[in-house]
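The values are calculated or read from the model by the stated rules, or taken from the named source; none is laboratory data. Fair warning: this is a prediction, and the values are worked out from it, not measured in the lab. Positions of Cβ are backbone-derived with ideal geometry, glycine not excepted, and every protein chain shown enters the neighbour counts.
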Amino acid sequence: MNSYVSKHKSKEEKIYIPIKTLEFGYVYPNSPVEFIDGFVCYESESYEYFASLRLQNVSDKIIKSVEICLLCYQYANIPYLKIPFIYSISEKNTGLLSSVDEKKTLFGRKKQNYYIKSGAIFGNEILVPLPQSYFRKLEFELKNVVFENGEVYKYESHEFYKAKNYEKIAEENKFAYNRINVYENLEASYPIKNIPIVEDNAWICCCGQKNIVTSFECLRCRRSLQWQKEKLNENYFGSVINKENSVHSPHLKNFKKATYFEGRKAYVNPAELEEKQKLIRRALENVELEEIEKAKSFKRTVKKIVALALVLTFLSFLLTVIQNIKG
């Protein structure tokens, strides 16, 4: 991860070192705002810790402010510290605003926004201070959202729906995904991470990217929302498997064999497998080079020992000769 340079009111630039990536693989039902991602970092001179988050307005209304709460845990399941924080237009602390439909001006610069419109991502470059005391786990909650018309949305419940990890689904379903995957060319760069989940205002792509519900394709990998809704679910996977079994296709049987004997990746993700094989070959080449270097180093060490032994033998002989002359 690269260091993050911030130019605030101080005369000198401050350098922030990211130490942990924050991922939010879940969506809130009917929520006007969603967490996208973020990171935890520290300032290189003071060693003060901060969290930086990206949030998105997934509603169809303009937002004035969003209040969140950081929950710090030590050993118990109850947070020992709650840190409130408000992103507010009036306080000018919404960070670098960006939008999915934002257009550039004639001079190539984006128009400055003074509100959080529908689809806008905010929170960038805003650092939320973290406590200096030890905490084991950090969680985030949405508290309330204030819209431009004065309406307030309060989070009475913090229920959310988490996307199911792809690695935890049945092997037959992974086979089915391999058979219907029309985006195989994307697997090396954007491999499937989870089963997609779609709620009223937001959806999580199978690559892990969170999107506003009005985006008909993923902003990261460009996979179609409609294709994922129709194909990437257990019912459709089951129909693919039943079809394979009905025609006595050898593919599923071969897939299971490959899963057991050779590894699932040989069938599920050929592109990613090829990349991993390249890494393995490089690793083996490095091992071979290291072994050659070790052999050379051993030979050099043996030569040094032999040379030292010869020198000591000569010195011993020389001392014996000198003693004999004196005697």
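Those residues that are over 16 Å from residue 229 (Cβ atoms) and not in a helix (DSSP H, G or I), I need them from the range 160-200; list them, please.
160, 162, 165, 169, 170, 187, 188, 189, 190, 191, 193
Filter the range 94-131 for residues that are part of a loop (DSSP other than H, G, I, E, B), modelled with pLDDT of 85 or more and over 27 Å from residue 216 (Cβ atoms) and give the result.
126, 127, 130, 131 - these are the residues of the range 94-131 that are part of a loop (DSSP other than H, G, I, E, B), modelled with pLDDT of 85 or more and over 27 Å from residue 216 (Cβ atoms).
Confirm whether residue 28 is over 25 Å from residue 165 (Cβ atoms) and in the same structural domain as residue 140 (by TED's automatic domain parsing). First the steps, then the outcome.
Details: over 25 Å from residue 165 (Cβ atoms): no; in the same structural domain as residue 140 (by TED's automatic domain parsing): yes.
In short, no.
Being part of a loop (DSSP other than H, G, I, E, B) and either farther than 19 Å from residue 27 by Cα or in contact (Cβ under 8 Å) with a residue 24 or more places away in the chain (or both) is the requirement here; does residue 157 meet it? Steps first, please.
Details: part of a loop (DSSP other than H, G, I, E, B): yes; either farther than 19 Å from residue 27 by Cα or in contact (Cβ under 8 Å) with a residue 24 or more places away in the chain (or both): no.
Taking the combined requirement at face value, the residue does not satisfy it.
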